[in-house]
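The values are calculated or read from the model by the stated rules, or taken from the named source; none is laboratory data. The model shown is predicted, which means the values in this text are computed figures rather than measured ones. Here the Cβ is made from the backbone with ideal geometry for all residues, glycine too, and neighbour counts use every protein chain on show. Quick note on the areas: whole protein, heavy atoms, side chains included, nothing else; ligands and nucleic acids left out. Shrake-Rupley method; radii C 1.70, N 1.55, O 1.52, S 1.80 Å.
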Amino acid sequence: MYERIINSEQETELLARQLADQLQPSDVLTLEGDLGAGKTTFTKSVAKGLGITRNVNSPTFTILKQYEGRLPLNHLDVYRLANSEEDLGWDELFYGDAVSIIEWAHLIQDDLPPERLAIQIHRLEDDKRKFTFEPFGERYEQLCEELFT
């Protein structure tokens, strides 16, 4: 596990953009954190780092939004799928050419790819956050090593 304390929205954006620079097609990031922890803010910054110029906002009611940039981005908010057997074609989403970012990913735990980067965001106070990165698989272990050295 890798941890970083972030003290401002600008630091969050910097971390997200550094991560975006290393992302490749089919990368899967899961985001967990309480309401207001900064999941969508982090995703917006990753999107900027991927060269996405459209406004990125939470897909809470649509579940999935897709964006085009240096790499395509699938942004999912699966909160509304709690206790659902809904299959949105996970394999096509997770193993295609796009980067996938999934908010509230624990709700579709059984459908997630075994290799992914799990990111936990804890709000400490005001703009201060603790980011915990847990890599699953060699690709994500290397990504974290590069990001945190």
Worksheet item: Are any residues in the stretch 1-36 open to solvent by less than 80 Å² (accessible area, probe 1.4 Å), not small (Gly, Ala, Ser) and not in a strand (DSSP E or B), and if so, which ones?
Response: Glu11, Thr12, Glu13, Leu15, Gln18, Leu19, Gln22, Leu23, Pro25, Asp27
Worksheet item: Phe42 fails exactly one of the following numbered conditions: (1) surrounded by fewer than 17 Cβ atoms within 10 Å (Cβ to Cβ); (2) in contact with a helix residue (DSSP H, G or I) (Cβ under 8 Å, 6 or more places away or on another chain). What is the number of that condition?
Response: (1)
Worksheet, complete the sentence: Listed by first then second residue, the pairs whose first member lies in the stretch 9-21 and is closer than 13 Å to Gly69 by Cβ, whose partner is assigned to a helix (DSSP H, G or I) and open to solvent by less than 90 Å² (accessible area, probe 1.4 Å), with beta carbons under 6 Å and at least 6 positions apart or on separate chains, are Arg17/Ser45; Arg17/Gly49; Ala20/Val46; Ala20/Gly49
Discussion item. Can you tell me which condition Val78 does not meet? The list is (1) modelled with pLDDT of 85 or more; (2) crowded, with 17+ Cβ neighbours inside 10 Å, and all the others hold.
Written reply: (1)
